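Structure first, then comments.
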Amino acid sequence: MLPGLAAAHGPTRQKASETITIDAAPDKVWAAIADFGDMSWHPRIAMVDAPKGNEKGSVRTLGFTSGGLMEEELSKYDAEKMTYSTFIGHVNTDLLPATNYSATITVKPADGGAKSEVTWRAAFYRGYPNNEPPAELNDEAAVKGVSAFITEGLESLKKKVESGS
């Protein structure tokens, strides 16, 4: 009886975390991501609408380049510490194979302040919350999909800031 119970517990919280070093001062990097209503630095995002800006509880609508929309809520914002946290309760699993996605992006000085270290951490559940998920919505797919989304965003941010655009 006990082995059957272990299999019936459902999904477990997954995590993804990426850090990138950018050859620019932290204030310059923060300026590129500080506006919750602007994700032009992420290659998958075509448009953002965030009428309440950087106010806690603000909801931004993300329009993806591949089509489709998602809403993301700003749950914490601290400009002084150069960090903010977000939450997506209803993830469009066609765009990101996860559910209950929360993330924090932080900019910190590196190399004595001449460079920046940007860390993007996310916690989430797989896209299919029940037992026996399809391959495209299982734990492995969720980690792979979220990690790719984060990595693409950080690499694009680095390129944008370092090129001065």
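The values are calculated or read from the model by the stated rules, or taken from the named source; none is laboratory data. None of these values were measured; they are calculated from a predicted model. For neighbour counting, all protein chains shown are included, and Cβ atoms are generated from backbone atoms with ideal geometry for every residue, glycine included. Ligands, DNA and RNA are excluded from the accessible area calculation, which covers all protein heavy atoms including side chains. Shrake-Rupley method; radii C 1.70, N 1.55, O 1.52, S 1.80 Å.
Once the Kirkwood radius over Cα pairs is known for the range 20-64, the Stokes-Einstein relation at 20 °C and 1.002 mPa s delivers a diffusion coefficient of 186 µm²/s.
Across the range 22-39, coupling constants 3J(HN,Hα) worked out from phi with the 6.51/-1.76/1.60 Karplus curve, θ = phi - 60°, read 10, 7, 6, 5, x, 5, 5, 5, 4, 4, 6, 10, 5, 7, 4, x, 9, 10 Hz, and Gly and Pro carry x.
Paramagnetic label reach from GLU71 (point 7 Å along Cα→Cβ; backbone nitrogen cut-off under 12 Å): within the range 87-116, residues 88-91.
Can you run phi through the Karplus equation (6.51, -1.76, 1.60; θ = phi - 60°) for the range 137-151 and list ³J(HN,Hα) in whole Hz, with x for Gly and Pro? Per-residue couplings from phi come out as 10, 8, 4, 4, 5, 5, 4, 4, x, 5, 4, 5, 4, 5, 4 Hz. Counting only protein chain heavy atoms and rolling a 1.4 Å probe, the accessible areas of PHE87, PHE149 rank, largest first, as PHE87, PHE149.
Give the range of the longest stretch in the chain that excludes all GluC sites (Glu not before Pro) found in loop regions by DSSP and having at most 14 other beta-carbon atoms within 10 Å. Could the numbers behind the result be given before it?
Details: sites that count: GLU55, GLU80.
Segment 81-165 is the longest.
The modelled label-to-label distance between SER165 and GLU136, using points 7 Å beyond Cα along the C-beta direction, is 3.1 nm.
For the chain, with all protein chains in place and a probe radius of 1.4 Å, 51% of the accessible heavy-atom surface sits on carbon or sulfur.
Average accessible surface for the chain: 53 Å² per residue, computed with a 1.4 Å probe over protein heavy atoms with every protein chain in place.
Contact order, relative form, for the chain: 28 percent (alpha carbon pairs under 8 Å, 6 or more residues apart, mean separation divided by residue count). Mean projection of the Cα convex hull over all viewing directions, computed for the chain: 10.6 nm².
Dipole magnitude for the range 11-147: about 220 debye, using +1 per Lys or Arg Cβ and -1 per Asp or Glu Cβ, origin at the Cα centre. Dividing the mean sequence gap of close Cα pairs (under 8 Å, 6+ apart) by how many residues the range 58-97 holds gives a relative contact order of 33 percent. Under 16 Å Cα-Cα from LYS52, which lysines qualify once same-chain neighbours fewer than 8 residues away are excluded? Filter leaves LYS76. Summarising the amide proton neighbourhood of ALA46: residues at separation of 5 or more, or on other chains, whose placed amide H is nearer than 5 Å comprise GLY63, PHE64, THR65.
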